[in-house]
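The values are calculated or read from the model by the stated rules, or taken from the named source; none is laboratory data. Predicted model, so just to flag it, every value in this text is computed and none were measured. Cβ: placed from backbone, ideal geometry, glycine included. Neighbour counts: every protein chain shown.
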Amino acid sequence: MSELPARSRRAPLPSPSSGWTYVGRAVCHPAATMLLFLGLFLGAWTGGAPGLLFGVVGGLALAASGSRLPACRRLLDEHVEARARRQRDVERERRLQRAGPLRRAEFAELTDLVDEIECSDSAQAERFELQGLLDYFVNLALSHQRLVEVMRRAERAPLWEAGVARMHDDIVEASRQRQDILLRRIHHRDECRTRAARMADELDAVSEFLHLVSEVTSCPVQSDGDQGELERRLWELEVQESALRQLSAA
């Protein structure tokens, strides 16, 4: 049985080193691509080959000039990150096909929780590496499913014969060898059952942790600093009232 893959961390997107990277992103953006095809169509329809060439040059020039704007670059970065996120989610769902519908439904719920946490508090999501935790959940679920399949195959075999045959003294050498193999299979099945129970417990722990982070992010615990601010104002109010009473008495 192979060991569990190491926990993967969320790899940040590489920052572009030149403006040409943003030009390429601008040309590949769906909106820019649609405008480019529209310019090509209008250029070919109105001016033939010269109009077609003008449409190509004009579309590239428009993409190059727009990619210099900070707002446009921010929009392009968000588009690239969203595309990478979609590809990552598709890859996770493809890998979880073997884990069964219940595990896939649980993972979909956890993915929604992580998306909500990233929208409300991205620093919290980066601090706890929640995307890496989702990858760890997928790896753990696949390893757990492999152990479950191994146990199912082992339980279908007549392993109970090993304990019965050991009670007889007239066992031939070939039969004794077979019973030794069956005993080893029983031992391996018990080890798989123990490891599967530990993995199932850790899967539940990961799910509970993500729910906890979501609850803390949605409803943070009131800090002592807020209460201290209120106490300070009440103390200032009491000092002011005490001063007014002293002036009235004088």
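If the requirement is being modelled with pLDDT of 90 or more and either farther than 30 Å from Arg94 by Cβ or part of a helix (DSSP H, G or I) (or both), which of these qualifies: His168, His144?
Unique residue meeting the criteria: His144.
Which condition number does Gly55 fail, the rest of (1) over 13 Å from the mean Cα position of the chain (by Cα); (2) at pLDDT 85 or above; (3) not hydrophobic (A, V, I, L, M, F, W, C) being met?
Tallying (1) over 13 Å from the mean Cα position of the chain (by Cα); (2) at pLDDT 85 or above; (3) not hydrophobic (A, V, I, L, M, F, W, C), Gly55 fails exactly one: (2).
I'd like to know if region 72-82 contains one or more residues that are surrounded by fewer than 14 Cβ atoms within 10 Å (Cβ to Cβ), at pLDDT below 90 and more than 22 Å from Leu210 (Cβ to Cβ).
From region 72-82, those surrounded by fewer than 14 Cβ atoms within 10 Å (Cβ to Cβ) are 74, 78, 81-82; that's our starting set.
From what's left, at pLDDT below 90: 74, 78, 81-82.
Then drop every residue that is not more than 22 Å from Leu210 (Cβ to Cβ), which leaves 74, 78.
Checking region 72-82: at least one residue is surrounded by fewer than 14 Cβ atoms within 10 Å (Cβ to Cβ), at pLDDT below 90 and more than 22 Å from Leu210 (Cβ to Cβ).
Kindly indicate whether Val114 is modelled with pLDDT under 90, surrounded by 14 or more Cβ atoms within 10 Å (Cβ to Cβ) and part of a helix (DSSP H, G or I).
On the way: modelled with pLDDT under 90: no; surrounded by 14 or more Cβ atoms within 10 Å (Cβ to Cβ): yes; part of a helix (DSSP H, G or I): yes.
No: the conditions fail for Val114.
Do we find that Ala141 is hydrophobic (A, V, I, L, M, F, W, C) and not assigned by TED's automatic domain parsing to the domain that holds Glu202 in this structure? Step through it out loud before you land on a result.
Working: hydrophobic (A, V, I, L, M, F, W, C): yes; not assigned by TED's automatic domain parsing to the domain that holds Glu202: no.
No, not satisfied.
Here are some conditions: (1) under 30 Å from Glu126 (Cβ atoms); (2) over 30 Å from the mean Cα position of the chain (by Cα); (3) modelled with pLDDT of 85 or more. Met199 meets all but one. Which one does it not meet?
Unmet condition: (2).
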